[in-house]
Amino acid sequence: METKGLEISTTLFIGLLLSGAKPGGNIMTISAIDFKARWLTFLEENFEYDITMILSGQRQNNVIDVNFLDLDIFDSSFAENLLHSPMEHLEAGSEALGELIRERGGVINSQLNIRVGELPKDSRVALREMGHIQINKLISTDVVITKVSEIKPRVIEAWFSCEACNNPILMKQDNETELVEPLSCSQSQGGCGATVGKRETRFSLIESKLKLINNQWIEIQELPENVPSGSQPGRGRVLVEGDLVNKHTPGERVTANMIPIIRSEYKRSKKTPMFDFVFRLVSSEYDSIPFNEIEISEEDKNKIFELSKRDDIFDIMMNSIAPSIISTGKMPYVKRSLALQLFGGVSRINADKTRMRGDIHILLMGDPGVAKSQLLEYMSKISPRGRFASGGGVSKAGLTAAVVRDAFNEGRFSLEAGIMPLSDRGLASIDEFDKISTEDKNVMHPAMEQQKIHISKGGLTATVPARCAVLAAANPESGKFDFMHDNAMSSMAYFKQTGLPAPLASRFDIIWLLRDEVHSHADESIALHILKNRTQAVSEHMIEDGLVMDPSDEEESLIFATSTDNKEYLTHNFLRKYIAYAKNNIFPELDKGAMDLIKNYYTDTRKKFKEFEKMIVNTEYGTGRKNKDEQAVPVTPRAIESVIRLTEAHARLHLRTTASKIDAKTAIAIHKHWMAEEDISERDLHNQVMLTSKSPSNRTRAMVRETIKNLHSEMGEVEISKIFEICEPKGIPIDVASEVISKMQTSGELFSPKPGYVQFVR
């Protein structure tokens with residue numbers, strides 16, 4: 001595993017004497033090994049360069065990174081005992097490093113730290129499985145950081161003065177929760193022997209001689225993908241010290257190497273026999289490769305490449321999005337856009353440090369009961385690093401981040417991550433998006449576009465990464481969309497009914513409006529589909545009792561499965577592997593053909609809109625059109641960026657390193673479709689000016705319908721591409737014909753018996 005470095009801090013605490021056992025069965029005590037002597041030899045043999053750099057003052061922090069494997073090669077018993085008594089080990093290592101520096105004439109002005117990382121796999125323990133066996137041992141665990149406190153200095157060595165004889169007494173401070181004071185003036189340290197108990201003396205803290213170290217608390221949580229179904233993720237408080245301070249931000253995923261220690265719980269200011277875990281961070285390893293938590297074998301890679309070559313891979317991906325939800329009406333187009341969202345475009349950084357996001361944001365507006373929540377929940381499960389939340393049920397941190405007080409019961413301020421930072425490099429599914437807090441509404445604009453969250457509150461100033469795609473669902477304020485609304489052909493009319501601010505709409509690449517409409521044929525298909533799913537599903541009670549196998553477990557080793565409507569789709573496990581591999585390894589570049597196509601789409605549409613603006617007159621239609629069929633849709637630079645992201649996502653889905661005209665055509669078709677389907681313009685998104693988009697004339701509709709009717713009488717099922725072939729020579733563009741077909745499907749006149757085909761409802 002490639003790492004960005006190991007972060008280890010040792011404040012060098014005196015721990016318990018513990019014994020360690022070799023796997024071979026030879027048991028030895030810690031006293032059998034001279035830790036300091038072994039560290040001296042190890043450091044001289046392996047870290048001469050690092051020591052030289054410290055001596056020359058070219059190291060900002062006096063830190064040496066140690067790979068556990070190197071220690072094991074040097075002395076396996078020595079390395080084994082490090083896992084069992086890490087505090088004594090690390091203290092001896094720092095003392096050895098200090099001795100080497102002083103021998104060579106160096107002056108130690110700051111804390112010396114030895115970092116140990118890349119621990120063996122058998123040292124890994126899940127947070128929720130942490131118990132007394134792990135106390136004072138060195139363990140590692142994969143976690144996500146959820147909170148970070150402010151920095152405070154902490155005493156590690158304190159000098160006290162005896163008021164009876166003024167003798168100074170040194171007290172090491174290993175407990176981060178309380179200041180340990182001397183009980184007597186020790187004669188062995190030149191004192192008078194007076195004690196506090198007999199009120200013979202008192203001890204005063206000598207502040208000028210305090211040895212301090214920066215201290216910070218972080219809160220960690222198990223990775224959601226590692227938590228078994230029905231279990232709560234483990235959480236913990238971690239003490240971060242020294243050079244590790246300010247190295248972690250909420251939302252980061254790290255492998256934390258730490259030492260669990262215990263602190264007594266207090267009840268009514270009295271200690272109880274119950275103890276809390278507190279973790280001292282020894283090191284943290286940052287994985288440079290996202291989604292490495294999904295293991296992909298060579299066999300999996302071969303199958304992924306083989307699958308990517310199939311002509312119907314896009315349809316398979318569409319079918320793999322929530323297979324239990326029937327694809328009628330607009331749903332196939334919605335699922336196609338969701339498939340592209342899973343893969344996303346390529347994030348890029350310019351020479352001037354500006355960043356262009358690659359993640360695709362999608363908003364689903366719709367009536368209750370149109371499967372929005374099911375889509376969101378499924379997407380959060382299928383996406384690597386996906387998270388699901390409801391706008392009305394999030395914590396104080398909300399969707400972005402918040403500064404909270406008393407997060408660690410110390411009256412401090414801490415930074416708490418919301419859903420978006422926790423979904424970094426993944427997908428955030430946000431249901432009830434219309435119910436998000438006012439504070440979140442104000443912060444969502446930069447969070448979605450810049451994919452950073454800037455916090456400046458309570459003395460804390462921080463920038464938290466939120467590089468995630470957003471899939472949101474919104475309901476109307478009244479419970480159901482008012483389809484009799486003025487300008488009801490415009491999506492912005494419906495967007496306004498959600499109560500969300502209009503500028504927020506421009507942050508979404510695609511906005512779908514899902515209506516609960518009555519169509520006899522579609523209603524029958526939906527009813528039959530639900531009944532089939534219900535009857536073919538397995539009883540939850542029987543699964544829990546072990547009487548039958550969980551159907552999801554049966555699919556775990558498979559690549560393909562078949563839905564109730566006999567459509568082939570990828571299993572949950574393999575789809576995650578496919579997505580993870582594509583996002584880790586495929587970074588498409590636009591070729592000239594794709595760039596020209598996107599450029600022409602942009603310029604031609606803008607030109608049409610300019611010509612449309614010039615012919616504004618007052619007419620009976622009241623919209624400034626000479627003819628109600630003469631309309632145009634403007635395209636802004638932001639919309640073009642959306643098309644580019646869709647183009648890259650389509651190429652990535654096919655595992656192509658070059659995005660060609662084929663990918664651009666698909667992206668433009670999807671972009672045109674959702675805008676035409678929703679009758680939305682870019683003016684709606686930015687200026688809230690109500691314009692309707694281009695609508696085919698009655699003559700055009702009649703020509704397309706007649707073409708479908710003729711083909712239907714000949715073949716029954718009509719291939720959509722064949723319709724386009726006949727319509728194009730008649731002067732009907734493909735996007736216009738596609739829009740007519742889509743509206744005929746929505747109205748219930750046509751249905752799709754299989755992908756790429758339509759048929760009249762008899």
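Brief remarks on what is shown
- Checking residue 336 against (1) closer than 17 Å to residue 754 by Cβ; (2) modelled with pLDDT under 90, the condition it does not meet: (2)
- Listed here are the helices (runs of 4 or more DSSP H) enclosed by the range 53-128 that have at least 3 residues being in contact (Cβ under 8 Å) with a residue 12 or more places away in the chain and in contact with a strand residue (DSSP E or B) (Cβ under 8 Å, 6 or more places away or on another chain): 76-84, 86-103.
- Which numbered condition residue 325 misses (of (1) crowded, with 18+ Cβ neighbours inside 10 Å; (2) under 24 Å from the mean Cα position of the chain (by Cα); (3) at pLDDT below 85; (4) not polar (S, T, N, Q)): (2)
- The helices (runs of 4 or more DSSP H) located wholly in the range 440-552 that include 2 or more residues which are surrounded by fewer than 15 Cβ atoms within 10 Å (Cβ to Cβ) and modelled with pLDDT of 70 or more occupy 502-505, 520-536, 540-544.
- Residue that is surrounded by the fewest Cβ atoms within 10 Å (Cβ to Cβ) [pool: residues in the range 714-726 that are part of a helix (DSSP H, G or I) and modelled with pLDDT under 80]: 714
- Scanning the range 180-233 for residues that are exposed (fewer than 12 other Cβ atoms within 10 Å of the Cβ), closer than 27 Å to residue 61 by Cα and not small (Gly, Ala, Ser) gives a single hit, 207.
- Filter pass, residue 260 being within 21 Å of residue 453 (Cβ to Cβ) and assigned by TED's automatic domain parsing to the domain that holds residue 111: no
- Close pairs from the range 254-272: first without any contact (Cβ under 8 Å) to a residue 24 or more places away in the chain, partner hydroxyl-bearing (Ser, Thr, Tyr) and not in a loop (DSSP other than H, G, I, E, B), Cβ under 6 Å, at least 6 apart: 265/272; 271/264
The rows are residues; the columns are (1) farther than 14 Å from residue 279 by Cβ; (2) modelled with pLDDT under 85; (3) in a helix (DSSP H, G or I); (4) outside the structural domain of residue 239 (by TED's automatic domain parsing).
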{"site": "133", "(1), (2), (3), (4)": "yes, no, yes, no"}
{"site": "137", "(1), (2), (3), (4)": "no, no, no, no"}
{"site": "145", "(1), (2), (3), (4)": "no, no, no, no"}
{"site": "158", "(1), (2), (3), (4)": "yes, no, no, yes"}
{"site": "166", "(1), (2), (3), (4)": "yes, no, no, yes"}
{"site": "171", "(1), (2), (3), (4)": "yes, no, no, yes"}
{"site": "175", "(1), (2), (3), (4)": "yes, yes, no, yes"}
{"site": "179", "(1), (2), (3), (4)": "yes, no, no, yes"}
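- Scanning the range 727-759 for residues being surrounded by fewer than 17 Cβ atoms within 10 Å (Cβ to Cβ) and over 43 Å from the mean Cα position of the chain (by Cα) gives a total of 4.
- Qualifying residue in the range 614-623 (condition: at pLDDT below 75 and touching a helix residue (DSSP H, G or I) at 6+ places or on another chain (Cβ under 6 Å)): no
- Residue ID - nearest to residue 414 (Cα to Cα), chosen from residues in the range 215-268 that are at pLDDT 85 or above and in contact with a Pro (Cβ under 6 Å, 6 or more places away or on another chain): 221
- Residue match in the range 32-42 (condition: at pLDDT below 80, surrounded by 17 or more Cβ atoms within 10 Å (Cβ to Cβ), β-branched (Val, Ile, Thr) and assigned to a helix (DSSP H, G or I)): no
- Residue check, residue 379 surrounded by fewer than 17 Cβ atoms within 10 Å (Cβ to Cβ), in contact with a helix residue (DSSP H, G or I) (Cβ under 9 Å, 6 or more places away or on another chain), of a type outside the set (Ser, Thr, Tyr) and in contact (Cβ under 8 Å) with a residue 60 or more places away in the chain: no
- The one condition from (1) surrounded by fewer than 16 Cβ atoms within 10 Å (Cβ to Cβ); (2) without any contact (Cβ under 8 Å) to a residue 60 or more places away in the chain that residue 711 does not meet is (1).
- Candidate set: the range 339-360, residues that are closer than 21 Å to residue 315 by Cα and in a loop (DSSP other than H, G, I, E, B); chosen: the one farthest from the chain's Cα centre (by Cα): 345
- Residue within the range 419-437 that is part of a strand (DSSP E or B), at pLDDT 75 or above, among the small types (Gly, Ala, Ser) and closer than 17 Å to residue 471 by Cβ present: yes
The values are calculated or read from the model by the stated rules, or taken from the named source; none is laboratory data. If you're wondering where the values come from, they're calculated on a predicted model, not measured in any experiment. Neighbour counts are summed over all protein chains in view; Cβ atoms, including those assigned to glycine, are modelled from backbone coordinates with ideal geometry.
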